[in-house]
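In what follows, a structure is listed as structure tokens, so that the remarks can point back to it.
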Amino acid sequence: MLNVPSQSFPAPSSQQRAASGGRSKVPLKPGRSLMDWIRLTKSGKDLTGLKGRLIEVTEEELKKHNTKNDCWICIRGLVYNVSPYMEYHPGGEEELMRAAGSDGTDLFDQVHRWVNYESMLRECLVGRMAAKPAVPKDCRVEKKVLNGMLPKSQVTGMLAKESPTSPSYDWFQTDSLVTIVIYTKQKDITLDSVIVDHQFDTFRAEIIIKDYSYLVHIGLSHEIQEDFSVRVVENVGKIEIVLKKKENTSWQCLGCPLENHNSLILKKDTDLYYRKCQLISKDSVTHDTKLFCLLLPRSTHLQVPIGQHVYLKLTIAGTEIVKPYTPVSDSLFSEFKEPVLPNNKYIYFLIKIYSAGLFTPQLDRLQIGDFVSVSNPEGNFKMSQFQELEDLFLLAAGTGFTPMLKILNYALNNISSLRKAKLMFFNKTEDDIIWRSQLEKLAYEDKRFDVEFVLSAPTSEWNGKTGYISSGLLSEFLKRSSDKSKVLICICGPMPFTEQGIRLLHDLNFSKDEVHSFTGL
Ligand code: FAD
Ligand code: NAD
């Protein structure tokens, strides 16, 4: 059992205060932590009031359940009685009540679409929304067998005017290979826009095109080998995925379409896809932070783009728990040496273990060879933010350092206009500083880079900068290389740090376009 402290929850430092949508979190009463909720759901108590029965819910019925003590909410067609959950909701009762008696899918997605509500609210499930009889007129039915014709993709969700041209796909074969070709008709497609997985006969290729996701999702007609190759012809946006047949027979068709096959969907409306990755190593970096190395399956192609994170999923006390983490490299310097190989199969994470936390102690208990599920990447950092960049300023606190690594690497190695890159790294004590000597070495070796450490709880021996983020620290640190230089300031850390930092940057007259916050503020 976890030793959950009884002071106000979440603790000031807890990520549970930091919703990615920038929503503030409320203190929960003692005994109302996520772990307490999991315990309640396992207690066998009837949480829906329906004694385990599942019902069909009409819109009229849903609307009736709109009070705190009788609150039903619909998320993606499933209706939950969330009254028992009210006191456990990190965002507070008011936030939940905003969706009372109605469809809360959009509200839910805005704040935390990655939270595994199916697992968390399983015992609160009342039933499904009753289907509406009307069928949209332009609903097209995909052919049941994919025979190599160029099918037109279905564009689903709210189709915005600026949505990309619908991609399409085709396939051809030789005796030993099957090549799936995807025509995105976009020029900025790179290898990290392509995520491919196959398991048994299921093949899944997701292509990220701006805010959209195009999916090729097929139950293959024949078996293939585990490994495959992916190639992107960037100037025309063509993607070739070459699969190896298990047997050299001629395929009559590629296979059968599976869910959302050949459709272009707004990324925010897609489900996160997970694959199981094996823990290869776990090494201490500081007294409480470890470098975890996970091995992707051979049947996965996944590269996490700069500035993005993934979700790790573990089952804790029978409930799936998901938390976001930002991939890094195995050391500061391999960021600068190794090119990211297309077949790079390792993902590294720097993760702080909170002894009273829910997820990280469990992660830390994994043995080498154990598995953890890793999602597709997410994040709103745009590569265009690097364009003509001259001054890069990184404000990181604690593990908020993690997204800065790839940003720094990319800027120093690829942005010819860059004049300086400076990191101000806020920590409690010297012992908390991640990769300190590597940072100092880099500052020594690359004259464009500089690092300053600021400690909020230093020992008496520390003679460097001290305190929390402040206007004094920032105005001294954020000196442009010239009056009109193109600046990017990245900020990441505990929510109060980021909130305060953004306020101070605004007061110092930096524009919104010049500031990127990784916490969605
Ligand atoms: P939590 O359960 O959230 O607990 C955190 C703190 O709250 C602990 O100090 C714990 O003691 C305290 N606490 C817990 N329960 C209670 C209670 N009932 N009463 C009082 N105090 C309590 N982290 C990294 O280490 N590396 C990364 O690369 C990284 N990337 C991230 C990327 C994003 C986009 C975001 C949003 C967060 C990222 N995080 C990262 C943070 C990470 O997602 C988790 O929030 C973090 O690992 C804490 O998880 P936990 O479940 O172990 O702790
Ligand atoms: P920590 O508790 O060790 O604190 C590090 C520093 O943050 C402190 O020394 C202080 O300077 C500053 N700080 C802490 N509380 C503050 C407050 N109330 N006001 C002003 N400054 C404050 O940090 P940690 O435990 O390593 O936590 C790192 C945080 O960064 C977590 O909340 C994590 O979720 C977040 N994070 C976010 C992302 C992301 O959004 N992409 C990535 C990694 C980490």
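The values are calculated or read from the model by the stated rules, or taken from the named source; none is laboratory data. On a predicted model such as this, the values are computed, not experimentally measured, just so you know. With ideal geometry, Cβ positions are generated from the backbone for all residues, glycine too; neighbour counts draw on all protein chains shown. We work out accessible area using only protein heavy atoms, side chains counted, and drop any ligands, DNA or RNA first. Shrake-Rupley method; radii C 1.70, N 1.55, O 1.52, S 1.80 Å.
Of the set (1) under 30 Å from residue 266 (Cβ atoms); (2) of a type in the set (Phe, Trp, Tyr); (3) in contact with a Pro (Cβ under 8 Å, 6 or more places away or on another chain), all apply to residue 348 but (1). Criterion first (touching a helix residue (DSSP H, G or I) at 6+ places or on another chain (Cβ under 9 Å) and away from ligand 1 (no atom under 16 Å from the Cβ)) does residue 408 satisfy it? No: the conditions fail for residue 408. Condition first: modelled with pLDDT under 85, of a type outside the set (Gly, Ala, Ser), under 27 Å from residue 314 (Cβ atoms) and within 13 Å of ligand 1 (Cβ to nearest atom). Can you find one or more residues in segment 37-50 that meet it? No: segment 37-50 contains no residue that is modelled with pLDDT under 85, of a type outside the set (Gly, Ala, Ser), under 27 Å from residue 314 (Cβ atoms) and within 13 Å of ligand 1 (Cβ to nearest atom).
Considering 375, 437, 417, 355, the condition of being polar (S, T, N, Q) and either within 19 Å of residue 519 (Cα to Cα) or open to solvent by less than 30 Å² (accessible area, probe 1.4 Å) (or both) is satisfied by 375 alone. The single residue among 260, 248 that is assigned to a loop (DSSP other than H, G, I, E, B), open to solvent by 50 Å² or more (accessible area, probe 1.4 Å) and in contact with a Leu (Cβ under 7 Å, 6 or more places away or on another chain) turns out to be 260.
In summary, strands (runs of 3 or more DSSP E) completely within segment 312-377 and bearing 2 or more residues that are at pLDDT 90 or above and more than 16 Å from ligand 2 (Cβ to nearest atom) occur at 371-375. Inspect all residues belonging to segment 484-502 and state whether any of them is more than 17 Å from residue 400 (Cα to Cα), open to solvent by 20 Å² or more (accessible area, probe 1.4 Å) and touching a helix residue (DSSP H, G or I) at 6+ places or on another chain (Cβ under 6 Å). Looking for residues that are more than 17 Å from residue 400 (Cα to Cα), open to solvent by 20 Å² or more (accessible area, probe 1.4 Å) and touching a helix residue (DSSP H, G or I) at 6+ places or on another chain (Cβ under 6 Å), one finds none in segment 484-502, hence no.
Of the residues 322, 230, 328, which single one is touching a strand residue (DSSP E or B) at 6+ places or on another chain (Cβ under 9 Å), closer than 30 Å to residue 43 by Cα and among the hydrophobic types (A, V, I, L, M, F, W, C)?
Details: 230 fails: closer than 30 Å to residue 43 by Cα; 328 fails: closer than 30 Å to residue 43 by Cα.
Only one candidate passes the filter, namely 322.
Within segment 220-245, being in a strand (DSSP E or B), of a type outside the set (Ser, Thr, Tyr) and either open to solvent by 50 Å² or more (accessible area, probe 1.4 Å) or within 18 Å of residue 271 (Cβ to Cβ) (or both) holds for 225, 226, 231, 238, 244.
Restricting attention to segment 408-436, which residues are of a type outside the set (A, V, I, L, M, F, W, C) and modelled with pLDDT of 95 or more?
Applying the first criterion (of a type outside the set (A, V, I, L, M, F, W, C)) to segment 408-436 yields 409-410, 413-414, 416-417, 419-420, 422, 427-432, 436.
416, 417, 419, 420, 422, 427, 428, 429, 430, 431, 432, 436, listed by residue number.
Here 481, 460 are screened, and the one residue that is in contact (Cβ under 8 Å) with a residue 24 or more places away in the chain and either within 16 Å of ligand 1 (Cβ to nearest atom) or among the small types (Gly, Ala, Ser) (or both) is 481. Checking every residue in segment 506-517 against the condition of being at pLDDT below 95, within 11 Å of ligand 2 (Cβ to nearest atom) and open to solvent by 40 Å² or more (accessible area, probe 1.4 Å) gives zero matches. Taking into account only those residues within segment 290-311 that are within 16 Å of ligand 2 (Cβ to nearest atom) and in contact with a Ser or Thr (Cβ under 7 Å, 6 or more places away or on another chain), which is farthest from residue 113 (Cα to Cα)? So, considering only residues that are within 16 Å of ligand 2 (Cβ to nearest atom) and in contact with a Ser or Thr (Cβ under 7 Å, 6 or more places away or on another chain), the one farthest from residue 113 (Cα to Cα) is 290.
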